[in-house]
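Student: This is the structure I have questions about; it appears just below.
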Amino acid sequence: MLSDLRKSLNRRYLTDPAYAFLFDEDTSGESVALAVGASSFDAEHADLLEVVAIPIRGNRLLTSQRLHLKVGPSAPDSASPDQEQAALELLRFVGARPLVGYFLTFAVALIDRLVKPRIGVQTPNSVVEVSGLYYDHHRPSAGRPTADLRFDAILRDLDLPERGTPGPLADAVSSGLIYLTLRPPAA
């Protein structure tokens, strides 16, 4: 499997052995819904402002066990972590569990930019893009319109609650709900 090969190669470049747990086999059966808030949608230059990670166990979003960090000058707590600290804390929280979310390419690229100089590798976790799950579920066919992959359109079509005020917390909850609705049944 390509992800196994990527993990194996990635592990060789790990410079901080304290993060070797990222390469462990995940046996928890859990996933983690991830959403970030940033100063722009340019992962190479954006500042990380907020990160939310919510464990998913069985058919439940464990919102009471979430990681929610506000970063930088807009954070209410003067002891708030800097961007790198927040990204590293996210990795410790997630461990080897798969990441679930909407527009994960951006979130993971932003986290990777922050952690790679410190630990030598990018985030090795597998990712599940909920818009991809939705597309597979609603694959266009003759007489069926193309899938509308906008976040709110997916929520409406699946008859899930609206996000309310958009932000990382609402995005992580909504991504988790989409995942729980569309994920393949456990084997």
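The values are calculated or read from the model by the stated rules, or taken from the named source; none is laboratory data. Since the structure is predicted, the reported quantities are computational estimates derived from the model, not experimental observations. Ideal geometry is used to build each Cβ from the backbone, glycine not excepted, and the neighbour counts take in all protein chains shown. Just the protein is used for accessible areas: all its heavy atoms, side chains included, with ligands, DNA and RNA removed. Shrake-Rupley method; radii C 1.70, N 1.55, O 1.52, S 1.80 Å.
Student: What is the sum of charges around Q65, taking Lys and Arg as +1, Asp and Glu as -1, for the other residues whose C-beta is under 13 Å from the C-beta of Q65?
Tutor: Details: positive: R57, R60, R66, R97; negative: E30.
Summing Lys and Arg as +1 and Asp and Glu as -1 gives +3.
Student: How far, in degrees from 0 to 90, does helix 168-182 lean away from the longest principal axis of the Cα atoms of the chain, to the nearest 10?
Tutor: Long axis of 168-182 versus the principal axis of the chain: about 50 degrees.
Student: Now, a different point. What does the charge count near L169 come to, summing +1 for each Lys or Arg and -1 for each Asp or Glu among other residues with Cβ under 10 Å from its Cβ?
Tutor: 0
Student: Just the number, please: carbon plus sulfur as a percent of the accessible area of the chain, 1.4 Å probe, no ligands or DNA/RNA counted.
Tutor: Its accessible area is 52 percent carbon and sulfur atoms.
Student: Quick check: the distance between the Cα centres of the stretch 54-69 and the stretch 84-100, to the nearest angstrom?
Tutor: The distance from the Cα centre of the stretch 54-69 to that of the stretch 84-100 comes to 13 Å.
Student: Specify, per residue and in Å³, the volume enclosed by the convex hull of the alpha carbon atoms belonging to the chain.
Tutor: Per-residue hull volume (Cα only) is 142 Å³.
Student: What are the radius of gyration and Dmax of the stretch 95-173, computed over its Cα atoms and given in Å?
Tutor: For the stretch 95-173, the Cα radius of gyration and maximum Cα-Cα distance read 15.4, 51 Å.
Student: Using alpha carbons only, how many degrees (0 to 90, rounded to 10) separate the axis of helix 83-94 from the longest principal axis of the chain?
Tutor: Once rounded, one gets 60 degrees.
Student: If you don't mind, another one. Roughly how many Å² of E30 are accessible to a 1.4 Å probe, to the nearest 10?
Tutor: Result for E30: roughly 20 Å² accessible.
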